[in-house]
Amino acid sequence: MTATEWHEASVDRWVVVTGAAGGIGAAVVQRLLDDGLEVVAVDLAVPDDGPGTGPDDDRIAWVAADLTTADGRAAVVAATEDRRLVGLVNVAGITRDARLVKMDDAAVAAVLAVNAQAPLDLSLALADRLVEGGAIVNISSRSHLGNFGQMNYATSKGAIIGTTIALSRSLAPRVRVNAIAPGLIATPMTDAMPDDVLAKVTAEVPLGRAGEPTEVAAEVAHLLSPDAAYTTGQVVYVCGGRSR
Ligand SMILES: NC(=O)c1ccc[n+]([C@@H]2O[C@H](COP(=O)([O-])OP(=O)(O)OC[C@H]3O[C@@H](n4cnc5c(N)ncnc54)[C@H](O)[C@@H]3O)[C@@H](O)[C@H]2O)c1
C-alpha cells in the first residue's frame, strides 16, 4: 500500500481494534473512523453507546468476543473475511492488582491470558490476512518496568513487548509490529485508583498530568500509517516523560 493510497483513502482500510468499548479502545476506534478508516471493533460485549453504535454505520462492525477463547478469536477472524485488513490494534487488557504476598495464581493466570496470550494468539490468527504494508500495534504499559502491586500486570506487559519484537522480525518486511507503552492515562481503569495513589502517581509525571486516551490513539494512528513505514519492533512511550 502506498502512502498516497493510504492518505487519499482510495481503498478500504479495515483495522481490528480489541478492547474497543474501553477508555483507550474507544478513543482509538473514533480516531481511526475520523481518519477515514474502517474498524472491526471487538470487546466482551457490544456497548450501548460509543463509536458506531448509533445509526447504522457501514464503516464499523462490532464483534462480541472473549479473546482468551478460541471461539472468540475465530469470531474476529470470521469478521475480517471479505474485508481488506490493514491493521490490528491489541488494546484489550485487565488488571488484578495485589501485594505480592496476596497475589494468588488465579490473578496471575487471568492477567497473562488477556494481556499476553490473547494478543499473541490473535496476531498469529490474523497475520496472513493483513495486506502487504499492514501493521500491528500492541498496547503494553509503562508498568512493565515494575509497579508496586502489579507483578502480574508488569509480567504481562513485558511479555507483549517480547512478542512485539519477535513478531516484527518474523513478519518483516510484509507487516510491521510495534508497541505503545502508555503511562498514566485518564480512563475507567485509572478512575478505580484511590485518590491519594492517583495524586502520588500524577506528581511523578514530568508533564504534570495524566494523559488523554486521544493522545494514545494519535500514536496508534501514526504507527498504523505509512508515515511510520521504517518503524518496526519498537516501543513508543506515551507517558508524559515518566518512562523510567
Ligand atoms: N489507563 C491507563 O492508564 C493505561 C496505562 C497503560 C496501559 N494501559 C493499557 O491500555 C489498554 C486499555 O486500557 P483502558 O484504560 O482503556 O482499560 P478499560 O478497562 O477501559 O478497557 C479495556 C477493555 O478490554 C476489554 N476486555 C477485557 N478482557 C477482554 C477479553 N477477554 N476479551 C475481549 N475484551 C476484553 C474490556 O471489556 C474493556 O472494554 C489495556 O491493555 C491497559 O493495560 C492503560
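The values are calculated or read from the model by the stated rules, or taken from the named source; none is laboratory data. Predicted model only: the values in this text are computed from it and were never measured. Methodologically, a virtual Cβ is constructed for each residue, glycine included, from the backbone with ideal geometry; neighbour enumeration extends over all protein chains shown. Keep in mind that these areas ignore ligands, DNA and RNA; they rest on the heavy atoms of the full protein, side chains included. Shrake-Rupley method; radii C 1.70, N 1.55, O 1.52, S 1.80 Å.
Here is how the numbers come out for the structure above:
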| item | result |
| --- | --- |
| Among (1) in contact with a helix residue (DSSP H, G or I) (Cβ under 9 Å, 6 or more places away or on another chain); (2) within 16 Å of the ligand (Cβ to nearest atom) - the single one A45 does not satisfy | (1) |
| Subset of region 182-206 (residues that are of a type in the set (D, E, K, R) and outside any loop (DSSP other than H, G, I, E, B)) | D191, D195, D196, K200 |
| Positions within region 21-53 being more than 15 Å from the chain's Cα centre (by Cα), more than 19 Å from A221 (Cβ to Cβ) and open to solvent by 50 Å² or more (accessible area, probe 1.4 Å), in sequence order | A45, V46, D48, D49 |
| Single residue of D71, D57 found to be open to solvent by 40 Å² or more (accessible area, probe 1.4 Å), over 30 Å from A192 (Cα atoms) and within 13 Å of the ligand (Cβ to nearest atom) | D71 |
| Lone unmet requirement of (1) touching a helix residue (DSSP H, G or I) at 6+ places or on another chain (Cβ under 8 Å); (2) within 14 Å of the ligand (Cβ to nearest atom); (3) part of a helix (DSSP H, G or I) for R209 | (3) |
| Any hit, region 1-15, residues being crowded, with 16+ Cβ neighbours inside 10 Å, of a type in the set (A, V, I, L, M, F, W, C), within 13 Å of the ligand (Cβ to nearest atom) and within 30 Å of L112 (Cα to Cα) | no |
| Selected residue [open to solvent by 10 Å² or more (accessible area, probe 1.4 Å), of a type in the set (S, T, Y) and within 9 Å of the ligand (Cβ to nearest atom)] from T187, T163 | T187 |
| Residues that are without any contact (Cβ under 8 Å) to a residue 12 or more places away in the chain, open to solvent by 90 Å² or more (accessible area, probe 1.4 Å) and either touching a Gly at 6+ places or on another chain (Cβ under 6 Å) or under 15 Å from F148 (Cα atoms) (or both), drawn from region 190-212 | D196, K200 |
| Scope region 14-32; condition over 21 Å from I185 (Cα atoms) and aliphatic (A, V, I, L, M); matching residues | V15, V16 |
| Hits in region 230-244 (condition: in contact (Cβ under 8 Å) with a residue 60 or more places away in the chain and either in a strand (DSSP E or B) or among the aliphatic types (A, V, I, L, M) (or both)) | V235, Y237 |
| Where a residue in region 92-110 is open to solvent by 30 Å² or more (accessible area, probe 1.4 Å) and its partner, wherever it lies, is of a type in the set (F, W, Y), with Cβ under 6 Å and at least six apart | T95/Y153 |
| Tally, over region 80-127, of residues that are of a type in the set (A, V, I, L, M) and over 18 Å from the mean Cα position of the chain (by Cα) | 8 |
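Matching residues to (1) β-branched (V, I, T); (2) over 16 Å from the mean Cα position of the chain (by Cα); (3) modelled with pLDDT under 95:
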position	(1), (2), (3)
A135	no, no, no
G146	no, yes, yes
I160	yes, no, no
V175	yes, yes, no
I180	yes, no, no
T190	yes, yes, yes
